[in-house]
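The values are calculated or read from the model by the stated rules, or taken from the named source; none is laboratory data. Please read all numbers here as calculations on a predicted model, not as lab measurements. Cβ placement follows ideal geometry from the backbone for every residue including glycine, while neighbour counts extend to all protein chains displayed. Note: accessible area is taken over every heavy atom of the protein model, side chains too, but ligands, DNA and RNA are not part of it. Shrake-Rupley method; radii C 1.70, N 1.55, O 1.52, S 1.80 Å.
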Amino acid sequence: MDAARFTQAKGAACSLRFPAICLTLALFALSIPTTTAHAKGDLYGFVVGINDYLGTANDLAGSVNDAEDLAGALRAAHAKKVVKFVDQAGTKFNIERSFLKLVADAQAGDTILFSFSGHGTQEPEPAGRKAEADGKNEVFLLSGYATKGPASKERIVDDEIFSWLKKADDKGVNVVFIADSCHSGSMNRSVRNDVVRYRNADFGAITDDELEFPPPETAKLTEADLKHVTFISATTDEKLTPEVKIGGKWRGALSWSMARAIEGHADRDANGEVDQFELVGYIVPSVARIVESQQTPQVVPLRPERLALFPVDPDAASKFVLAAAETGTLVREGEKDPLKVAVEGGDGAAPDGVAFTEIVADKGEADLIWYKAEGKVEHRIGGEVASGIDESTIKPVIAKFAALKWLKANGAIDPVAAGLTSGDKRYAPGETVEISVEGARQPFLTMFNMPPDGRVEYFYPSPSNPEEAEKDWRKNTLKERFKVDRPPYGAEHLVLIFTDRPLPELHAVLSAMKTATDASGLQLVLEQVLAKRPFQAGVIDVYTGG
């Protein structure tokens, strides 16, 4: 793979009382249990989505979409009952009363999927509790929240969540708690904050608190104390959760991926249920594809037995793959949207006319932003992807990201466990990048790199080694180490496509793409070659430049 600006080299911090395990692809090297504790009871859903907060500064755009999507997926999975609250209907009183009623109605062995999409924050613990190592409670904010008076009660503190979940746990009711929010932090790589909406909010200090906290002993409960509860959070405590556009709609990446898991796509052994290891193996790479590896979901606790988390339609995933073979793509019809490009410091004339793209005026609506005066191109979520870009070089960069958007949409819905075991960050010259790829369900691999300038560097299978084209990757793991050694710096994207037969025609075209201009037709080529066949696409984002 020496064709890239990598030289082949031979030879994560977490906190929070909620999910406290850093999950990377190293997880897949663990010895995964083969025995499964099966889900036997009924499935229930309890979904909350809050977009509308007091005032407009803290409003979100995707949380209600999350709630609608998750509720629909739960109904399709034959949930016995689905309770949904969005915006002003999601009051503290309604949520607490309805959730506890659902627990009362459920029987031991039943499962409740409880999701919250909206703002999170942190606040100091009440005096004397001293249960948090950092002295702060994690909090979920509701639509009517304010910092004083009765509105101060319109928030859910982690102690309260634990007290509610303990009632279910004591009864033997299984709960999967999904938190698509964040409480504080940063991103893996820096981005311009004027173009990203995050799911954490700071309303200021509470000046008149009317919230009645549960008994102090609830503050000492941990995830390990709740034997029937699994916690899933959008990211680690010190990281931010961005809102993203999927299929033209604002969303949370975790909720989108969880809805697809509930539909059956995470049921890799097609036994009619999703266990914790299947879920981790699905949502971690799926979310990574959506957010340029800026977010890593957390699942805790990972129990020694292979615990089934929720039932699904056992035929759902296979039906979807068969339908995809008929239509030629895994991307749903409503999720085929063009790459949105904004230009700051000029008009959209230079980048106009690139296939599968649309010029927009609002940077907040864009996938890609060209800061023309600075010569920089930035991904709205990923950060700086190319520098030294002018009117003569901008189009191949845009064409590259249009192709990547199509590939990543496919990669998110049927993900391969492909990513950076050395960590999602920006790598300086001289640093070593480590990658790992496994979990393919199609046997034959095509691999190429897309450098910052939009070129294609074809890697695998090698034309000089025909046996590589016949290798079955379903039982093999790819592990490589590279050293970042020369420009251009920005965003490298290593693309892996797994198919049901070797693709010599694609290999020939990729090998012939000698310039960035040649590579501008990549998306059309991929759509034509991959039409009407099942495939998996993995993309590893490698950001370089110090």
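A few remarks follow.
- Scanning the stretch 291-300 for any residue that is at pLDDT 90 or above and either on the phi > 0 side of the Ramachandran plot or part of a helix (DSSP H, G or I) (or both) turns up at least one such residue.
- Matching residues in the stretch 346-363 - criterion: being of a type outside the set (D, E, K, R) and open to solvent by less than 80 Å² (accessible area, probe 1.4 Å): Gly346, Gly348, Ala349, Ala350, Pro351, Gly353, Val354, Ala355, Thr357, Ile359, Val360
- From Leu16, Leu25, Leu74, Leu30, residue being in contact with a Gly (Cβ under 6 Å, 6 or more places away or on another chain) and modelled with pLDDT under 50: Leu25
- Residue that is farthest from Val64 (Cα to Cα) [pool: residues in the stretch 199-220 that are open to solvent by less than 30 Å² (accessible area, probe 1.4 Å) and outside any helix (DSSP H, G or I)]: Pro214
- Taking (1) modelled with pLDDT of 95 or more; (2) surrounded by fewer than 24 Cβ atoms within 10 Å (Cβ to Cβ); (3) touching a Leu at 6+ places or on another chain (Cβ under 7 Å) in turn, Phe401 satisfies each apart from (2).
- All positions within the stretch 77-88 that are assigned to a helix (DSSP H, G or I) and either open to solvent by less than 50 Å² (accessible area, probe 1.4 Å) or closer than 18 Å to Pro311 by Cα (or both): Asp87
- Selection count, the stretch 139-194, where residues are in contact with a Gly (Cβ under 6 Å, 6 or more places away or on another chain), open to solvent by less than 10 Å² (accessible area, probe 1.4 Å) and not in a loop (DSSP other than H, G, I, E, B): 2
- A count restricted to the stretch 354-386 and to residues that are in contact with a helix residue (DSSP H, G or I) (Cβ under 8 Å, 6 or more places away or on another chain) and either of a type outside the set (D, E, K, R) or in a helix (DSSP H, G or I) (or both) stands at 14.
A quick yes/no check of all residues on (1) at pLDDT 95 or above; (2) among the charged types (D, E, K, R):
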{"residue": "Glu132", "(1), (2)": "no, yes"}
{"residue": "Glu138", "(1), (2)": "no, yes"}
{"residue": "Leu141", "(1), (2)": "yes, no"}
{"residue": "Gly144", "(1), (2)": "yes, no"}
{"residue": "Leu165", "(1), (2)": "yes, no"}
{"residue": "Ile178", "(1), (2)": "yes, no"}
{"residue": "Val195", "(1), (2)": "no, no"}
{"residue": "Pro216", "(1), (2)": "no, no"}
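- Residues of the stretch 239-264 satisfying the condition of being of a type in the set (A, V, I, L, M, F, W, C) and in a helix (DSSP H, G or I): Ala253, Leu254, Trp256, Met258, Ala259, Ala261, Ile262
- Single unsatisfied condition, Asn476 versus (1) surrounded by 15 or more Cβ atoms within 10 Å (Cβ to Cβ); (2) under 26 Å from the mean Cα position of the chain (by Cα): (1)
- Some residue of the stretch 441-461 being exposed (fewer than 14 other Cβ atoms within 10 Å of the Cβ) and in a loop (DSSP other than H, G, I, E, B): no
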